[in-house]
Amino acid sequence: QVQLVESGGGLVQAGGSLRLSCAASGRTFSTYVMGWFRQASGKEREFVAYISQSGAMRYYADSVKGRFTISRDNAKNTVYLQMNSLKPEDTAVYYCAAGPVLTIRGESFGSWGQGTQVSVSS
């Protein structure tokens, strides 16, 4: 398994931007599919985006498509989530996760970070 630590969350006004980072420990980062998920207060966790091991394949939830960009730097063992045009409904705790396959199913990801809070004010 890999240990994951998210950072970059905070409070931003609607229309603003944030970039989340997720640093991974270990030498096997490049072998994992990386995903971002989020959970708003009182709601179930939902998929946001994933990226393949090489970065060649990316997939987004419809709710963030065109506004968020997932990327990774395997040399730095880090995955990023650039969030633009933020909306109040993007407010949630954001989690990064590592897994073996390209999927939107959170249960397929075996390693999770502790989460970082993103709050978007209207």
Point to revise | Straight-distance crosslink candidates among lysines, where the alpha carbon sits under 26 Å from LYS87 and sequence neighbours closer than 8 are dropped | key: LYS43, LYS65
**Study point:** Relative contact order [Cα under 8 Å, 6+ residues apart], region 39-122, whole percent
**Key:** 26 percent
Check your understanding: ALA61 versus LYS76, label points 7 Å from Cα toward the beta carbon: distance in nm?
Key -> 2.5 nm
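Please compute the length gained on full extension between GLU46 and VAL5, using 0.36 nm multiplied by the number of residues separating them and subtracting their Cα-Cα distance.
Taking GLU46 through VAL5 to full extension adds about 12.9 nm, to one decimal.
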Revision key, fill the gap. For ARG72, the residues 5 or more places away or on another chain with a placed amide H closer than 5 Å to its own amide H are TYR80
Revision key, fill the gap. Of 66-72, 28-34, ordering from highest average Cβ density within 10 Å down gives 28-34, 66-72
Point to revise | Antiparallel DSSP beta bridges within the chain, percent to nearest 5 | key: 90 percent
Exercise for review: Tally up the carbon and sulfur contribution to the accessible surface of region 2-122 as a whole percent, 1.4 Å probe, everything protein left in place.
Suggested key: 48 percent
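Compute, for the chain, the length of the dipole vector about the Cα centre, with Cβ point charges of +1 (Lys, Arg) and -1 (Asp, Glu) only. Units Debye, rounded to 20. Before the final figure, lay out each step's value.
Details: 12 positive and 8 negative charges, 45 e Å.
Here the size comes out at about 220 debye.
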Study note, to complete from the structure: Low-density loop GluC sites (Glu not before Pro), region 30-122, at most 15 other Cβ within 10 Å, DSSP non-H/G/I/E/B, are GLU44
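Leaving out ligands and nucleic acids, and using a 1.4 Å probe, what accessible area per residue does the chain come to in Å²?
50 Å²
The values are calculated or read from the model by the stated rules, or taken from the named source; none is laboratory data. Predicted model only: the values in this text are computed from it and were never measured. Because the Cβ atoms are built from the backbone with ideal geometry, glycine has one as well, and the counts that use them run over all protein chains shown. These area figures cover heavy atoms from the full protein model, side chains too; ligands, DNA and RNA do not enter into them. Shrake-Rupley method; radii C 1.70, N 1.55, O 1.52, S 1.80 Å.
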